[in-house]
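Right, one structure below, let's go through it.
Every number in this text was worked out from the coordinates using simple rules, so none of it is lab data. On a predicted model such as this, the values are computed, not experimentally measured, just so you know. All Cβ positions, glycine included, derive from the backbone under ideal geometry; neighbour counts span all protein chains shown.
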Amino acid sequence: MPQPVTILVGTMTGTAEMVAQEMADVLQQQGHRAEVLPMDNLGPDVFGRDGVFLICTSTYGQGDVPDNAMAFFARLEQERPDLSRCSFGVFGLGDRTYTDTFCFGPKRFAALLEELGARRIGDVFCHDASAGTVPEEIGASWVVEWIATVDAERESTH
């Protein structure tokens, strides 16, 4: 039985949400239950859900998480829940023209979740807006590889 995937979205302009929806569609085509949840109004209790988590977020300002993710990020930092039973991946959106802060929002999420005990599956993927590629297409192909890694790891532990 494929694991459910909860995709948590941090976005300013809606691009990350479009990417997340594309990834959810691909996952569903492969038989996974996938749900996209914008980070607005989320609390740490979201990590009590079954399955694996995928953070799909952009970077904003000086390497910050997007506005709709700030309260969620702050609550995780303050409440420091034990996420040792959680596994997650990160698909980040950034722009290399901002060399000092490229993909810092996604990287900050990955670091915080690992600090709280969650296990990251795969590297933090950083899509570069200035590369001229379509982020939804890159996300759709990336998530196929990512979920294959998730499934392979799950098989080897069961």
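Worth a mention:
- Over the chain, Cα pairs under 8 Å with separation of 6+ residues give a relative contact order of 25 percent.
- At least 20 Å along the helix axis (C-alpha) and Kyte average at least -1.0, DSSP helices within the chain: 15-29, 135-157
- For region 91-158, the equivalent ellipsoid built from the Cα gyration tensor has semi-axes of 25, 18, 6 Å, listed from largest to smallest.
- A quarter of the convex hull surface defined by the alpha-carbon atoms of the chain gives 8.5 nm² as the mean projection.
- Dimensionless Rg over Rh [region 1-48; C-alpha; Kirkwood]: 1.00
- For the chain, Cys with no neighbouring Cys Cβ under 4.7 Å: CYS56, CYS86
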